[in-house]
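Okay, structure first, notes after.
The values are calculated or read from the model by the stated rules, or taken from the named source; none is laboratory data. Everything numeric in this text was worked out from a predicted model, so none of it was measured. Cβ placement follows ideal geometry from the backbone for every residue including glycine, while neighbour counts extend to all protein chains displayed.
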Amino acid sequence: MIGFTCKNSISAAAVSIFFSLFLAACSTPLSKPSSTETYSPGPLSEPVPEAELQAVQPDGIAITPEKLSAELLYEVLMGEIAGQRGVLDVSGDSYLEAARRSNDPRIAERALNIAIYGKRPDIALPAARRWVELAPDKLEARQALAALALRNGETQEAVEQFDYLLEHQPAKGPGPYQRLLAMLAREPDKSRALDVMDKLAVLRPDDVEAQLAYARLAVHTESWTLATQKIERVLVLQPERTDALVLRAQVLFKQGQGGIARQQLDGAVQRNPDDAALRQAYARLLVDLEDYDGARGQYHKLLKQQPDNARIVYSLALLSLEAGRPDEAEKMFKKMLKLGVQKQQAYYYLGAIAEDQKKHKASLGWYSKVTKGDHLFEAQVRMANIEALEGNVEEARKRLRKLRLAQPTQSQRLYLVEGGILTRIDWHEEAFKLYSDYLQIRPDDLEVLYARALVAERLERIDQTEADLRQVLKIAPDNARALNALGYTLADRTERYDDALKLIERAIAQAPDDPSVIDSMGWVMYRLGRLPEARDYLKKAYALTQDAEIAAHLGEVLWAMGEKDAALELWKKARVEYPGNHVLEDTVRRFAP
């Protein structure tokens, strides 16, 4: 049975209410209350659950004694007992009636809490009104009434309460307009929220904060024209207001006018070169526009202004990585370590930079320092891959097994990583067994079925390859990767060329620009003896990605068409770029030993 607290009994404070009231009731008949009886409730036992009403909380204020009528005593007791028993409708009705009979604002506050807890908006709104009536200077009461009036469509009442709050909110903490925006942004009826904001802004036509708040709400509701109008009003009042300039650029970007946004912010930055917030906003816009070099330039200027600003250093480090400048990125990440901020992220990215540069020992050192945070899992996976590359396969597998135990939700990825390591060193039988163990638990996992199918092909188990890929297609009939893999396998390892063609045609319908699918189409055309078509498909695939296997296939078709010099030149170039690729090497040995 749910009461008003997290436990299924009333709070100790509520018990004290019962005893103080009940003793008074026992000493005097209900019909004739004593003039000395008082009502002295303790703190409320249940907080308001709604976010915008969280201010409606007990604050331990002293209660002024009042004469307690029998009717009021009855309603309070009925409300508490019904609440303890989970009969929230009765509890709410009783407390609302008590609030109407009493001049004590705490009873009205209690009625409001119960109404919200019991999801009784029909009680909550009148309870809030009564609370404001009894405690007109209490901001929590005004805030509760404003939120409830807004939610119930009482727009003018909401405006009146919000207006009072704007005039009387304390200066410390979030600004009055921030609080207002937070409440209006949660209103499901966006037009109603805008209507309230409009009425408040009309009362303050020259208040920059009011107009800017209106603009922000318009942005939140994606009312772009309205947002632009209000931003322009702010800029009339304060032409170089930073947050208004930034907001205008955001609106332009959202409307697909990134170029204009860039021009305007660039001009604003030139007029206000020392405004760091404005320059940061400009840099972020350049990132959104994918002008990473331009963004880096702005962050370098910011770094000169604020050399120890960790956020700027981190942003510049990430941008340098994105721009393909690992040396600069490394310098910035090491600066983060000197500043003592975001060290886990810095360790991870320093490891990634070293890994890309094939500095495996250094990379393992950096990754090993990642001991917590969002990058811990990825660092461990990368360490396993590096250990395998260094020949420590068993150490890598041990690390991955420990990870599987520690993070069972990541088991699929970890099996695939381990299987990939085993495949890379030609331990195909071990990889097949590993994937089979996983599929015993999750037989319909598409990724692992696909991976096992590829390993089975390496083991010459073509029937198993076909079975696994057809199982994938049974679950996901339009899976382009499975259609392509099965079609290619049938074209390459069997003489079922017509079946292969049908599958690859389905794959190319799903992924017309995928070079691996285009390569498969070229290969099946070759098998069917349609050499000109095969050459065209393979040339298109190779133009998209100069892959070793595509080079092997294209060279073989060129050779078959008598273009042997072109084939040899292609293979020579590919062997330099992809030394040791087994498909390419096998092809060259067959035709040009």
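For this structure, a couple of remarks:
- Of the residues making up the range 332-391, those that are among the aromatic types (Phe, Trp, Tyr) and under 27 Å from the mean Cα position of the chain (by Cα) are Phe333, Tyr347, Tyr348, Tyr349, Tyr367, Phe377.
- Wholly within the range 529-593, helices (runs of 4 or more DSSP H) carrying at least 1 residues that are surrounded by fewer than 16 Cβ atoms within 10 Å (Cβ to Cβ): 531-544, 564-577, 582-591
- Each residue in the range 386-396 was checked for being surrounded by fewer than 18 Cβ atoms within 10 Å (Cβ to Cβ) and in a helix (DSSP H, G or I), and 3 pass.
- Residue pairs meeting the criteria (Cβ under 8 Å; at least 6 apart or on separate chains; first closer than 17 Å to Leu318 by Cα, in the range 272-292; second of a type in the set (Val, Ile, Thr) and surrounded by 15 or more Cβ atoms within 10 Å (Cβ to Cβ)): Gln280/Ile312; Ala281/Thr242; Ala281/Val246; Tyr282/Val269
- Condition met for Glu157 (closer than 30 Å to Asp195 by Cα, assigned to a helix (DSSP H, G or I), at pLDDT 95 or above and in contact with a Leu (Cβ under 9 Å, 6 or more places away or on another chain)): yes
- When residues of the range 117-146 are limited to those that are of a type in the set (Lys, Arg) and within 40 Å of the chain's Cα centre (by Cα), the one surrounded by the most Cβ atoms within 10 Å (Cβ to Cβ): Arg142
- Residues in the range 490-524 that are crowded, with 18+ Cβ neighbours inside 10 Å and polar (S, T, N, Q) were compared, and the one that is farthest from Gln546 (Cα to Cα) is Ser520.
- Note on the range 423-434: residues that are surrounded by 17 or more Cβ atoms within 10 Å (Cβ to Cβ) and within 20 Å of Ala485 (Cα to Cα) amount to 4.
- Condition met for Ala149 (surrounded by 14 or more Cβ atoms within 10 Å (Cβ to Cβ), in a helix (DSSP H, G or I) and of a type in the set (A, V, I, L, M, F, W, C)): yes
- The range 369-392 residues that are assigned by TED's automatic domain parsing to the domain that holds Leu350, paired with ones that are in a loop (DSSP other than H, G, I, E, B) (beta carbon under 6 Å, 6 or more apart): Leu376/Val370; Ala379/Val370
Every residue, every condition in (1) within 43 Å of the chain's Cα centre (by Cα); (2) small (Gly, Ala, Ser), yes or no:
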{"site": "Leu544", "(1), (2)": "yes, no"}
{"site": "Glu563", "(1), (2)": "no, no"}
{"site": "Ala567", "(1), (2)": "no, yes"}
{"site": "Trp571", "(1), (2)": "no, no"}
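- Total residues in the range 486-513, condition of a type outside the set (Val, Ile, Thr) and under 16 Å from Tyr526 (Cα atoms): 16
- Scanning the range 435-465 for residues that are assigned to a helix (DSSP H, G or I), surrounded by fewer than 21 Cβ atoms within 10 Å (Cβ to Cβ) and of a type in the set (D, E, K, R) gives Asp437, Glu447, Arg458, Asp463.
- Test: residue in the range 225-233 that is polar (S, T, N, Q), in a loop (DSSP other than H, G, I, E, B), more than 27 Å from the chain's Cα centre (by Cα) and farther than 20 Å from Arg151 by Cα: no
- When we screen Thr225, Thr155 for residues that are without any contact (Cβ under 8 Å) to a residue 40 or more places away in the chain and of a type in the set (S, T, N, Q), the only hit is Thr225.
- Residue in the range 98-116 that is surrounded by fewer than 24 Cβ atoms within 10 Å (Cβ to Cβ) and touching a Gly at 6+ places or on another chain (Cβ under 8 Å) present: no
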